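A.B. asks: Below you will find the structure I want to go over with you.
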Amino acid sequence: MAKASTATPPSTTRPAIDIGIREADRARIAAGLSRLLADTYTLYLKTHNFHWNVTGPMFQTLHLMFEQQYNELALAVDLIAERIRALGFPAPGTYQEYARLSSIKETRGVPGAEQMIALLVDGQEAVVRTARSVFPLVEKVNDEPTADLLTQRMQVHEKTAWMLRSLLER
């Protein structure tokens with residue numbers, strides 16, 4: 001007769017996260033990062049749309065610039081989502097969630113090239129404001145990895161806004 005196994009069945013519960021930040025604080029940080037993710041993804045979609053649809057005398061310059069920007073944003077959404085996961089929470093990943101969480105509104109139709117630039121400046125600055133709004137809690141609980149991520153994102157978006165804004169100067 002075969003001996004019955006005494007091994008404990010695999011656990012279906014997740015191990016506790018113990019990184020020195022209370023779960024409630026991690027949840028609030030993840031919620032802020034979810035808003036940042038939604039803004040970043042919405043800006044990615046807007047920038048990609050404008051890349052496809054830009055026309056006019058600045059076509060080549062803007063087409064290439066928008067491509068560089070949406071590629072950078074595509075990498076950023078992964079970093080932000082992975083930080084949310086590292087904090088122990090699911091990352092939002094649907095259009096419906098992004099529409100609810102994002103401070104950036106969709107642009108209907110196809111605006112002219114200068115309007116595209118202005119809308120992207122607004123979007124870049126919106127991402128900076130969202131990132132900055134998460135910073136006080138992150139600093140309070142000494143979440144250096146998230147602080148580093150937020151600082152990097154703000155640097156990228158502030159520089160991109162400045163570069164786009166310079167195209168609008170007369």
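A.B. asks: How large is ³J(HN,Hα) for each residue in the range 125-132, as worked out from phi by the Karplus curve 6.51 cos²θ - 1.76 cosθ + 1.60 (θ = phi - 60°), to whole Hz, x for Gly and Pro?
C.D. replies: Going residue by residue, I get 5, 5, 4, 4, 4, 5, 4, 5 Hz, with x marking Gly and Pro.
A.B. asks: A further question follows. Please give, to one decimal in nm, the separation of the simple spin-label points placed at Ile17 and Ser103, each 7 Å out from Cα toward the Cβ.
C.D. replies: Between Ile17 and Ser103, the label points sit 2.3 nm apart.
A.B. asks: Over the C-alpha atoms of the range 78-170, what are the Rg and the largest Cα-to-Cα span, Dmax, in Å?
C.D. replies: Calculated on Cα positions, Rg and Dmax stand at 15.3, 48 Å.
A.B. asks: Still on this model: Could you pull out every residue, at least 5 positions away or on a different chain, whose amide H is within less than 5 Å of the one on Val141? Hs are placed 1.01 Å off N in the peptide plane, and Pro or chain starts have none.
C.D. replies: Here the answer is none, since no amide H 5 or more places off falls under 5 Å of that of Val141.
A.B. asks: Amide H of Ser103 versus every other amide H placed in the peptide plane: which residues, excluding those fewer than 5 positions away on the same chain, fall under 5 Å?
C.D. replies: For Ser103, whose amide H was placed from the backbone, the distant partners under 5 Å are Asp39.
A.B. asks: Compare Pro15, Pro136, Pro92 in a GNM of the chain, Cα atoms joined below 10 Å, and give the one with the largest fluctuation.
C.D. replies: Looking only at Pro15, Pro136, Pro92, the largest GNM fluctuation is found for Pro15.
A.B. asks: With a 10 Å cut-off between alpha carbons and a GNM built on the chain, which of Leu64, Leu120, Leu79 moves the most?
C.D. replies: Looking only at Leu64, Leu120, Leu79, the biggest GNM fluctuation is shown by Leu64.
A.B. asks: Continuing with this model, one more query. Mind checking the alpha-carbon convex hull of the chain and giving the volume per residue in Å³?
C.D. replies: Each residue corresponds to 153 Å³ of Cα convex hull volume.
A.B. asks: Here's something else I'd like to know. Using r as the Cβ-Cβ distance of Asp148 and Thr94, and R0 as 30 Å, what FRET efficiency do you calculate, to the nearest 0.05? Display every interim value, and only then the final one.
C.D. replies: Working: r = 28 Å, r/R0 = 0.92.
Here the calculated transfer efficiency is 0.65.
A.B. asks: Choose one answer from Val138, Val54, Val110: the residue with the largest mean-square fluctuation in a GNM of the chain with alpha-carbon springs under 10 Å.
C.D. replies: Highest fluctuation of the listed residues: Val110.
The numbers here are math on the coordinates, done by the rules we state, and not lab data. Because the structure is predicted, anything quoted here is derived from the model rather than measured. Backbone-built Cβ (ideal geometry, glycine too); neighbour counts: all protein chains shown.
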